[in-house]
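Input: a single structure, listed below in structure tokens.
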Amino acid sequence: MQIVNYPYPTLRHKSRPIKRVDAKLREIVREMFELMYESEGVGLAANQVDLPLRLFVVNLTASPKEGEELVFINPVIKPQKKGLDEDFEGCLSIPGVHGPVKRPKQVKISAFNLQGEEIEAVVDGLFARVVQHETDHLDGVLFTDRLTETAKADVQPMLEDFEGSFEYNQRLGAIPPVDVILERLKEWEARYC
Ligand code: CO
């Protein structure tokens, strides 16, 4: 398992809800936390590790020794208070790229945990930003899609570098052809969705 970079097609895949949790899925979640910590991230969505599953993991401290490890399966988000907050975001699938994103200040998130229990929380600050960023991933949306025109123009050259590198690796055979990637996603969906 590894984190895939923009513009890997799975990052644009809209994930369907998960219908079953098994030992394999629990192992996947464990590996996702490990990869997230290696990159010092605070959140990681399943499609960032090339899996079309509607789940993401969060630890706001980015450290395996601190904070709380949270797993959100089939998350649904509803903005609460009026008002947007703007802050800089980055993404483990677009390393080195950062930009300001406006998002609702406070949201209610409902989801299931790995034990199949329903969880619901009203969150704000960094927590609200992270769950919105990760839920976006599950819908195939990247934070760069939400930048203002000016901010987007600033990061455009870096995005084009990522696109060039993706095409190069695909020509080399280091990244499979798109139809092979999509076929693999279908197999995962058949198992879990
Ligand atoms: Co991200």
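We did not get these values from a lab; they are worked out from the coordinates using the rules stated. All figures in this text were calculated on a predicted structure; none of them were measured in a lab. Cβ coordinates were reconstructed from backbone atoms using ideal geometry, including for glycine residues, and neighbour counts include every protein chain displayed.
At a glance:
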item: Condition check for Pro104: without any contact (Cβ under 8 Å) to a residue 40 or more places away in the chain, touching a Pro at 6+ places or on another chain (Cβ under 6 Å) and away from the ligand (no atom under 16 Å from the Cβ); result: yes
item: Counted residues, the stretch 53-79 - those being within 16 Å of the ligand (Cβ to nearest atom) and either part of a loop (DSSP other than H, G, I, E, B) or hydroxyl-bearing (Ser, Thr, Tyr) (or both); result: 4
item: Among (1) farther than 22 Å from Thr10 by Cβ; (2) touching a residue at least 24 places away in the same chain (Cβ under 8 Å); (3) part of a loop (DSSP other than H, G, I, E, B), the one test that Asp87 misses; result: (3)
item: Subset tally (residues that are touching a residue at least 24 places away in the same chain (Cβ under 8 Å) and among the acidic types (Asp, Glu)) for the stretch 53-84; result: 1
item: Residue satisfying condition, being away from the ligand (no atom under 16 Å from the Cβ) and buried (at least 17 other Cβ atoms within 10 Å of the Cβ), within set Leu185, Leu92, Leu84, Leu142; result: Leu185
item: Residues that are away from the ligand (no atom under 15 Å from the Cβ) and within 19 Å of Thr10 (Cα to Cα), drawn from the stretch 34-52; result: Pro52
item: In the stretch 107-134, the residues that are more than 16 Å from the ligand (Cβ to nearest atom) and within 20 Å of Glu40 (Cβ to Cβ); result: Gly125
item: The lone exception for His137 - which of (1) within 16 Å of the ligand (Cβ to nearest atom); (2) on the phi > 0 side of the Ramachandran plot; (3) surrounded by 16 or more Cβ atoms within 10 Å (Cβ to Cβ); (4) not acidic (Asp, Glu) it fails; result: (2)
item: Residue match in the stretch 12-24 (condition: without any contact (Cβ under 8 Å) to a residue 40 or more places away in the chain and surrounded by 15 or more Cβ atoms within 10 Å (Cβ to Cβ)); result: no
